[in-house]
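**Student:** Following this message is one structure expressed as structure tokens.
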Amino acid sequence: MSSAAEVLGDLLVAEEGDVVRVDRANWKRAAELCRDRLHMDYFCFLSGIDWLPAPGLSGEKVFDPDAPTDGGDEDAEPTEMETGVAGGDTRFQVLARLYSTRHKVGITLKADLDDADPAVESWTTVYRGADWHEREAWEMYGFRFDGHPSLRHIYLPGEFEGHPLRKDFPLLAREVKPWPGLVDVEPMPGEPEGDGEAEEASA
Amino acid sequence: MTTTTDWKQAAYVAGQAADARVNVELETEGMTLNLGPQHPATHGTLRIVARLDGEQVVWAEPVCGYMHRGYEKLCEVRTYPQVTTLVNRIDWLGHFANEVPFILAAEKLMEVEAPPRAQWLRTIFFEMARIANVSLFLGDMGVQLGAITPVFFAFRDREHVLNLMEAVTGGRFHPNFDRIGGLKEDLPKGWVDETKAVMKRVRTFCDEMEDLLMGNEIFQTRTRGIGVIPPAVGLEYGLSGANVRASGVDWDLRRDEPSPLAWKDVDFKVWTHPDGDSFARYWVRLQEVREASLIVEKLLDGLPSGSIQAKVPRIIKVTAGEAWVHTENPLGEMGYYVVSKGGLGPFRCKIRTPSFNNISILPWVLRGTYVPDVITILASLYFILGDIDR
């Protein structure tokens, strides 16, 4: 079996392990190559990622990855991700997973989409299972899949406005009331100040 | 891959032509049948709109979303340990099995590995979740076909497994027991012996189902040759688990995927059936319940001692990166694509659930079938609504 890098060749933008990034113009071509040359007969899922930094919800330091970490946290992870296989150059990214039941290997395909007009070619003619997943990505992220037979709502009511999984779509329950579960991530009474990283869990 | 559709279409057209010849005098009028959202065969609230020509389904479309809870969005506003509370409500009958791939994904990113005892216990609970989930299917399939008794047997014997889960975790359906780096607690005293006795009981239950249901003539006529799914079509739609193994695809993530869990340490058989019909799907699941009970016994015999929790910080921050972990859940392949930016909660958590793909084949498989068979096919594909809608 030839490797993903050989088969996808010119289409690759980046590759590491079983994750490959292709240009959005080659999105459908990449799927066809995976199916025909890599024997990826199993369609796993298709979805999207919105790389917009999460808006800091009121009082929730937890969910603002860009907030400066308070003291005593020297080896905190960098909040900026390196763009390579992980991360994206544009705001929206479409990703999909395929698997070969013959070779027992899988591949994750990703493509960066245009911010203003997130559109790619539909996979429905390559994998029939992509139909519902593209409908879901269309309604949750507002991606357009050119060539999809009928992009209509799958989960949400027909008159629903907005794309819920976009980062700028507010989660109303959090706007109204801060998350009570936040207490779990605050220092316990009697513990030294800090974020508790130094405290090791007892076995 | 398209040839199989053509075959199906051709069979349908031939059927139509034959009907047309009969119907010259007896004209049938098309009608639309609404199945659900409240129907016992839907395990929740799934609606199926079917256009009929007489007794035959010409076109069918499942309508989901009646139970969409937006878990992918909610995961983004919770910390990693809090997410397990959400995800064990996805496939509510396979409770513990939902938590495992998510925790494994977080551990993969953090490069933490749970001690062997924790991995073995996770595998045991995982298989017990499979037994609790699938044994209900084994009884429920009978109800869909008009046999009432099997489901009482299933509820009766599943209860023993749930009691054991409750003894360890405190929760019958929502254990919320898996932690990053290990498990919440160790086993209570006497649990191992009790479990072995229950596993024997599970196998007796499987024998009963074989005698009561599988050997039954009516059951056979109503399931054999009904809802045949060729392997290539099934895989293209993303069917997984017992649904493709019943079509002869020898693929089980427990065996084929490297995993820190203990499946690699025990021998077990992956059951397949060549037919791909409703009967094959029932048959494969029955063998799997029996196999799962054997796996649990083997794991209990070799259970290592030691700690059940690796050292992790009290406040968990997961290293930035992306991880995909999938496991062979009771309903099929379940996976989490977790994107972390180094914070306390996931930045993005794509939940790949088996049932969503498993029922996306319904428009294809229901075309040309008869109304009573719709229920058979629905029941045999076996889905949990929470697993479709998330």
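The values are calculated or read from the model by the stated rules, or taken from the named source; none is laboratory data. A quick note: this is a predicted structure, and the numbers were derived from the prediction, not measured. Every residue, glycine as well, gets a Cβ built from its backbone with ideal geometry; the counts of neighbours run over all protein chains shown.
**Student:** Anything in the range B:247-263 that is in a helix (DSSP H, G or I) and within 14 Å of chain A (Cβ to nearest Cβ)? List them, or say none.
**Tutor:** B:253, B:254, B:255, B:256, listed by residue number.
**Student:** Let me spell it out: the conditions are (1) more than 7 Å from chain A (Cβ to nearest Cβ); (2) surrounded by 20 or more Cβ atoms within 10 Å (Cβ to Cβ); (3) modelled with pLDDT under 90, and residue B:320 meets all of them except one. Which number is the exception?
**Tutor:** Checking residue B:320 against (1) more than 7 Å from chain A (Cβ to nearest Cβ); (2) surrounded by 20 or more Cβ atoms within 10 Å (Cβ to Cβ); (3) modelled with pLDDT under 90, the one that fails is (1).
**Student:** Also, I was wondering about something else. Within the range B:99-114, is there a residue that is among the aromatic types (Phe, Trp, Tyr), surrounded by fewer than 24 Cβ atoms within 10 Å (Cβ to Cβ) and more than 30 Å from residue B:370 (Cβ to Cβ)?
**Tutor:** For the range B:99-114, residues among the aromatic types (Phe, Trp, Tyr), surrounded by fewer than 24 Cβ atoms within 10 Å (Cβ to Cβ) and more than 30 Å from residue B:370 (Cβ to Cβ): absent.
**Student:** Please enumerate the residues belonging to the range B:78-95 that are more than 14 Å from chain A (Cβ to nearest Cβ) and part of a helix (DSSP H, G or I).
**Tutor:** Answer for the range B:78-95, where residues must be more than 14 Å from chain A (Cβ to nearest Cβ) and part of a helix (DSSP H, G or I): B:87, B:92, B:93, B:94, B:95.
**Student:** Taking the criterion of being hydroxyl-bearing (Ser, Thr, Tyr), away from chain A (no Cβ under 14 Å), touching a Phe, Trp or Tyr at 6+ places or on another chain (Cβ under 6 Å) and outside any helix (DSSP H, G or I), would at least one residue in the range B:376-387 satisfy it?
**Tutor:** Yes, the range B:376-387 contains at least one residue that is hydroxyl-bearing (Ser, Thr, Tyr), away from chain A (no Cβ under 14 Å), touching a Phe, Trp or Tyr at 6+ places or on another chain (Cβ under 6 Å) and outside any helix (DSSP H, G or I).
**Student:** Output yes when any residue across the range B:261-274 is touching a strand residue (DSSP E or B) at 6+ places or on another chain (Cβ under 9 Å) and crowded, with 17+ Cβ neighbours inside 10 Å, and no when none is.
**Tutor:** The answer is yes; a qualifying residue exists.
**Student:** Hey, among the residues in the range A:119-159 that are over 17 Å from the mean Cα position of the chain (by Cα) and charged (D, E, K, R), which one's farthest from the other protein chains (Cβ to nearest Cβ)?
**Tutor:** Top of the filtered list is A:146.
**Student:** Please work out which residue is farthest from the other protein chains (Cβ to nearest Cβ), limiting yourself to the range A:14-52 and to residues that are assigned to a loop (DSSP other than H, G, I, E, B) and farther than 22 Å from residue B:341 by Cα.
**Tutor:** Filtering first and then ranking leaves A:23.
**Student:** Kindly provide the set of residues from the range B:142-188 that are among the basic types (Lys, Arg) and not in a loop (DSSP other than H, G, I, E, B), ordered by number.
**Tutor:** Answer for the range B:142-188, where residues must be among the basic types (Lys, Arg) and not in a loop (DSSP other than H, G, I, E, B): B:156, B:158, B:179.
**Student:** Identify all residues within the range B:60-77 that are more than 22 Å from residue B:43 (Cα to Cα), within 9 Å of another protein chain (Cβ to nearest Cβ) and in a helix (DSSP H, G or I); write none if there are none.
**Tutor:** Result: B:73, B:74.
**Student:** May I ask you to list the residues in the range B:1-41 that are modelled with pLDDT under 65, of a type in the set (Val, Ile, Thr) and not in a loop (DSSP other than H, G, I, E, B)?
**Tutor:** Selection gives B:2, B:3, B:4, B:5, B:22.
**Student:** Another question, then. For the range B:217-246, how many residues meet the condition of being surrounded by 17 or more Cβ atoms within 10 Å (Cβ to Cβ), away from every other protein chain (no Cβ under 11 Å) and either part of a helix (DSSP H, G or I) or of a type in the set (S, T, N, Q) (or both)?
**Tutor:** 5
**Student:** I'd like to check something: does the range B:344-364 contain any residue that is in a strand (DSSP E or B) and more than 7 Å from chain A (Cβ to nearest Cβ)?
**Tutor:** Yes, the range B:344-364 contains a residue that is in a strand (DSSP E or B) and more than 7 Å from chain A (Cβ to nearest Cβ).
**Student:** Residue B:138 - would you say it is of a type outside the set (Ser, Thr, Tyr), modelled with pLDDT of 90 or more, in a helix (DSSP H, G or I) and within 15 Å of residue B:330 (Cβ to Cβ)?
**Tutor:** For residue B:138, the condition - of a type outside the set (Ser, Thr, Tyr), modelled with pLDDT of 90 or more, in a helix (DSSP H, G or I) and within 15 Å of residue B:330 (Cβ to Cβ) - is not met.
**Student:** How many residues does the range A:107-132 contain that are surrounded by fewer than 19 Cβ atoms within 10 Å (Cβ to Cβ) and closer than 18 Å to residue B:324 by Cβ?
**Tutor:** Number of matching residues: 0.
**Student:** Could you check, for the range B:304-313, whether at least one of its residues is at the interface with chain A (Cβ under 7 Å from one of its Cβ atoms), in contact with a Lys or Arg (Cβ under 8 Å, 6 or more places away or on another chain) and either within 30 Å of residue B:199 (Cβ to Cβ) or of a type in the set (Ser, Thr, Tyr) (or both)?
**Tutor:** Yes, the range B:304-313 has at least one match.
**Student:** Hey, any hits in the range B:335-342 for a residue that's aliphatic (A, V, I, L, M), touching a residue at least 60 places away in the same chain (Cβ under 8 Å) and in contact with a strand residue (DSSP E or B) (Cβ under 7 Å, 6 or more places away or on another chain)?
**Tutor:** Within the range B:335-342 (the criterion being aliphatic (A, V, I, L, M), touching a residue at least 60 places away in the same chain (Cβ under 8 Å) and in contact with a strand residue (DSSP E or B) (Cβ under 7 Å, 6 or more places away or on another chain)), the answer is yes, since at least one residue qualifies.
**Student:** Across the range A:131-169, what is the total count of residues that are free of Cβ contacts under 8 Å to residues at least 24 places away in the same chain and either outside any helix (DSSP H, G or I) or aliphatic (A, V, I, L, M) (or both)?
**Tutor:** Number of matching residues: 14.
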